[in-house]
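What follows draws every value from the coordinates through simple rules; no lab data is involved. Just so it is clear, the model here is predicted, and its values are computed rather than measured. Backbone-built Cβ (ideal geometry, glycine too); neighbour counts: all protein chains shown.
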Amino acid sequence: MKKLRALVVDDEPQTLKYIGANLRARGFDVLTAEDGRQALKVFEKNIVDLIILDIMMPGLDGFQVCQSIRRTSDVPIIILSAREREKDIVRALDLGADDYLTKPFGVEEILARIRAVLRRAAQTQSTPRPPLTFGDLEIDFASRQVYLKGEKIPLTPTEYNLLAHLALNAGRVLTHRALLQAVWGPEYGNEREYLWAYIRRLRRKIEPDAGKPRYILTQSGVGYQFAARRPRS
């Protein structure tokens with residue numbers, strides 16, 4: 001079986017050693033980088049299955065590295081930070097990170113997060129459903145592709161999984177907790193900022209007017225609802 005390859009980026013040697021040793025012990029091939037520029041060079045030269053990325057680094061910080069990688073790749077990215085400020089979490093997720101973990105953390109916690117992001121990235125339908133059409137929006141479950149007015153919309157695995165779950169439950173109000181556990185995994189439930197960031201990303205990509213959403217509707221204080229299915233216009 002092919003080893004999964006992880007790129008771990010942090011300017012603290014002890015953190016690199018700690019995460020790297022634990023990943024290698026569990027069968028990962030591990031690459032490391034000590035700053036943002038080095039991380040991008042390593043990423044450009046290697047195929048990786050996962051990136052664990054610190055925010056606070058000299059030169060290019062983790063936000064800039066995440067943004068740069070997201071221009072060309074949907075590889076799962078877990079952000080590490082000593083800061084637990086909501087605006088930092090939302091910013092990281094808004095740039096395309098899949099998860100955000102605050103230092104210090106235990107080995108079991110980071111391993112659980114890694115399992116969750118890899119599970120979402122690999123998620124497939126064993127029996128593909130037929131495509132669904134909502135106005136100008138089409139979701140093809142067999143290919144995991146989304147089209148708007150016939151044009152393919154690039155989505156990360158997490159974006160696709162969230163949109164697909166909402167669409168398959170069109171007309172139903174899904175609570176924040178239910179969405180988090182269905183899309184991110186049973187380890188989640190209170191991270192509403194994840195939903196805020198990803199719903200905003202999806203609206204920018206699929207809504208004619210993100211400020212006046214037609215497809216993904218907010219149910220204040222409860223969760224979100226995908227508009228009931230409509231015939232192709």
Expected sort for 91-102, 51-62, 206-217 on mean C-beta neighbours within 10 Å, highest first, is 91-102, 51-62, 206-217
Per-residue Cβ contact counts at 10 Å, fewest first, order 110, 89, 47 as 47, 110, 89
Burial ordering of 10, 49, fewest other beta-carbon atoms within 10 Å first: 49, 10
In Å, what Rg and Dmax follow from the Cα atoms of the stretch 5-122? 12.7, 35
Calculated FRET efficiency for the pair residue 228/residue 115, C-beta based, R₀ 35 Å, to 0.05: 0.50
Given the -39500 (n - 2.57) contribution per DSSP H run of 4+ residues, what per-residue ellipticity at 222 nm results for the chain, rounded to the nearest 500 deg cm²/dmol? -12000 deg cm²/dmol
Taking the Cα centre of the stretch 5-122 as origin, work out the dipole magnitude from +1 charges on Lys and Arg Cβ and -1 charges on Asp and Glu Cβ, in debye rounded to 20. 280 debye
Let me check against my output: what whole-number percent is the relative contact order of the stretch 132-226, with C-alpha pairs under 8 Å and at least 6 apart? 24 percent
Whole-Hz Karplus ³J(HN,Hα) for the stretch 90-101, in order, using 6.51 cos²θ - 1.76 cosθ + 1.60 and θ = phi - 60°, x for Gly and Pro? 5, 4, 4, 5, 5, 7, x, 5, 8, 7, 9, 10
Give the peptides 172-185, 139-152 in descending order of average Cβ contacts within 10 Å, highest first. 172-185, 139-152
Within the stretch 27-126, list the GluC sites (Glu not before Pro) lying in a DSSP loop whose Cβ has at most 12 other Cβ atoms in a 10 Å radius. 84
Which listed pairs, of 17/41; 149/212; 41/205; 2/45, have C-alpha distances above 24 Å, in listed order: 41/205
Neighbour-count ranking for 188, 194 (other C-beta within 10 angstrom, fewest to most) reads 188, 194
Stretch residue 68-residue 218 to full length: gain in nm at 0.36 nm per residue minus the Cα-Cα span? 51.0 nm
Each residue of the stretch 105-119 in order: what ³J(HN,Hα) in whole Hz does its phi give by Karplus 6.51 cos²θ - 1.76 cosθ + 1.60, θ = phi - 60°, with x for Gly and Pro? 9, x, 4, 5, 5, 5, 5, 5, 5, 4, 4, 5, 5, 5, 5
Rounded to the nearest Å, what's the spacing between the alpha carbon centres of the stretch 29-106 and the stretch 181-233? Just the number, please. 24 Å
What distance in nm separates the simple spin-label points at residue 133 and residue 4, each placed 7 Å from Cα in the Cβ direction? 3.8 nm
I need the P(r) histogram for the chain: all alpha carbon pairs, bin width 10 Å from 0 out to the longest distance, whole percents. 7, 32, 34, 19, 7, 0
Estimated distance in nm for a label pair at residue 200 and residue 101, the labels positioned 7 Å out from Cα along Cα-to-Cβ: 2.5 nm
Taking the Cβ-Cβ separation of residue 29 and residue 123 as r and a Förster radius of 35 Å, what is the calculated FRET efficiency to the nearest 0.05? 0.95
If the chain between residue 44 and residue 173 were fully extended at 0.36 nm per residue, the gain over the current Cα-Cα distance would be 42.3 nm
Please determine, in degrees from 0 to 90 and to the nearest 10, the orientation of helix 192-206 with respect to the longest principal axis defined by the Cα atoms of the chain, where the helix direction is its Cα long axis. 60 degrees
